[in-house]
Structures are given as C-alpha cells and as structure tokens.
1. Name the residue, out of Ser88, Ser61, Ser143, that is of a type in the set (Gly, Ala, Ser) and in a helix (DSSP H, G or I).
2. Out of segment 86-121, which residues are in contact (Cβ under 8 Å) with a residue 40 or more places away in the chain and acidic (Asp, Glu)?
3. Can you tell me which residue among Leu232, Leu248 is surrounded by 19 or more Cβ atoms within 10 Å (Cβ to Cβ) and in contact with a helix residue (DSSP H, G or I) (Cβ under 9 Å, 6 or more places away or on another chain)?
4. Name the single residue that is nearest to Leu180 (Cα to Cα) among those in segment 44-67 being at pLDDT 80 or above and loosely packed, with under 15 Cβ neighbours inside 10 Å.
5. Going by the structure shown, is Phe106 of a type in the set (Phe, Trp, Tyr), modelled with pLDDT under 80 and not in a helix (DSSP H, G or I)?
6. Among the listed residues Ile190, Ile282, Ile264, Ile194, which satisfies the condition of being in the same structural domain as Leu34 (by TED's automatic domain parsing), under 20 Å from Ala27 (Cα atoms) and at pLDDT 75 or above?
7. Looking at segment 26-40, which of the residues that are farther than 12 Å from Leu182 by Cα and surrounded by 19 or more Cβ atoms within 10 Å (Cβ to Cβ) is modelled with the highest pLDDT?
8. Tally the residues that are surrounded by fewer than 13 Cβ atoms within 10 Å (Cβ to Cβ) and in contact with a Phe, Trp or Tyr (Cβ under 9 Å, 6 or more places away or on another chain), restricting the search to segment 90-113.
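The values are calculated or read from the model by the stated rules, or taken from the named source; none is laboratory data. Just so it is clear, the structure is predicted and the values come from calculations on it, not from any experiment. With ideal geometry, Cβ positions are generated from the backbone for all residues, glycine too; neighbour counts draw on all protein chains shown.
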Amino acid sequence: MIGRLFRPIKEGFRGVVRHGSMSFSSASAVTITLVIISLFLIFTTNVSRFTQGLEQVVQISVLVDYDYEAAEEEDRISLEIGNIEGVSEVNFSSKEDEFQYYIDSFKDEKTKEAFEPFRESNPMHDAFYVEVKNGSELEEIASKIETVEGVYRVNFGGSSAVKMISALRTIRWAGGLLALALSILAVSLIQNTIKLTIQARADEIAIMRSVGAKNGFIRSPFLVEGILIGILGSVIPVAVIYFGYKYLYEMTGGYVISNMFELIPPIPYVYYVAGVILLIGIIVGFLGSFFSVSRYLRWKR
C-alpha cells in the first residue's frame, strides 16, 4: 500500500532525472515566467498600498458660509454631509484652528508675526474635512456637498487627484492581467515538455495499458513530474523575492518618492509573496502535466 502511494513520486523524480535537459529547459522557462510574475506581484500590491494611502491623504475641504457659523447650523451641515453615501468621516475645524494652521505653514518667524494682527478680525471660515470610503468617488461626493445649504466652497484637490487614483487602479489591474497571461504561458511550456516526455515513454505507457493499468495509474507520475518542474522553477524567484525585496526596502528606507508612497514592510510580506509564487509554480506544473497527459490518453483510447 505504501509502495503504491510512493510509486508516482518515485517515478516523477525518475522522469525529471531521466529527461534532465527537457526538464531543465522547462524549469528555466517557468523560472523566467515566475520572476516576471513575482516582480509584477510586488509592484501591484505596493501600488494598491499607494492607492489606499493616497485615498486617505486626499480629503474634501468644506468651508462654511459666514452666515451659517452658528452651532446649530453647523451641526445640521455636518449631519447632512455625513449622510451622503460614500462619506466615511466628517471632522470639524474652527476658523481659529484654520488661522493657526495657516500661520504655522510659514517657516519664517517674521512672516508669522506679520499676520498676527489679523487674528482678531479672522478672515478664515469654519471648515469640515471629509474623508471618503472610495477615492474614485471624490468628485461625485464633492458635487453633492456643494448643494448643502450653508456650504461656501468645496475643495478636494481637483480632477488631478481623481485621475491619479484612477491611474493607479488601472496599473494594478493591468499587472494582475499580465501575471495571469504569463501563468497561462508557463502552463503551455510545461505542457509541451511533458508531451515530449510522454512521447519518449510511449512504449512503456502502451505496455501499462495492455496489462490493464488505469488512466489514473498512468497519469500520476507525470503529474508529479510536472509539479516537481514547477517547484524547481520557483526556487530562484522565491530567492529573488526574499533577498531582493529586503534589499530594496533597506536601500530606499521604505519610501518611494515621498512619505505618501510607503513600501510594504518585508516581514512577513516576503513570506506571503514567496508562498504565492511557490503555489503558482505547483499549480502551473500540475495543470501543464494534466492537460498534456489527458490529451494523450484520450487520443490513444
């Protein structure tokens, strides 16, 4: 019983060794494919983090009209804004806070002192800072806020913020589609390799079928061989992910361009990505072998 269970594994290893050149070329092709997939996986997951960070940074600034600065009016405005679909949080900032924030934006102390006389006749507005659940809805939500009675002006960074968020989302989806296309290519490469292996063992397969071997018995060693090729092809990509990403993170200090674009910390992130790449290699090897063997067995039926 135990020997029967280990037979596919033993035969799979034997097939990889016996057809070393073909297995090596197929594993090399899988390696190149998985390296590209791993790079795009790291890229797209970090772009997703960038997008989320940008959505959190970009807020809608709502200035209250001078005639509506009474507490009851501002409570009503806050409630109406909070009830708009897509709004996650509404924070109030008094005109005194706004004036202080404006003063603090200057580094030169003399400039700050020059504006101090305006503190008593504060020209600033009371304001609300609105956070949204989805950055792509900024423009739509801002338009709805403008219709609320008592709102003087709405600012949200303009269409450039919306376009940047949309572009990052598009890049993320494009990276995912490319990774899927490369995985399909890897399946095809392994399928061709297993096909050559089957042709080289055609007489052996014919003998097994003549003595009554079932398709599952014939298929299992080839499936193990395909999985082993996938695992061999995953070794270098996993190493590239583990050491390469840690080096990149340390070299950049965890940031790209500015603090807004923060890289995902390498631990435990590299373990998750390496696990995904290894799993993709196993699945690709299994599928490539399965399709190739199944097609051969149906043709020889």
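1. Ser143
2. Glu89
3. Sole residue among the options that is surrounded by 19 or more Cβ atoms within 10 Å (Cβ to Cβ) and in contact with a helix residue (DSSP H, G or I) (Cβ under 9 Å, 6 or more places away or on another chain): Leu232.
4. Among residues in segment 44-67 that are at pLDDT 80 or above and loosely packed, with under 15 Cβ neighbours inside 10 Å, the one nearest to Leu180 (Cα to Cα) is Tyr66.
5. Against the criterion (of a type in the set (Phe, Trp, Tyr), modelled with pLDDT under 80 and not in a helix (DSSP H, G or I)), Phe106 qualifies.
6. When all the criteria are applied, what remains is Ile282.
7. Step by step, filter segment 26-40, then rank; the result is Ala27.
8. The qualifying residues number 1.
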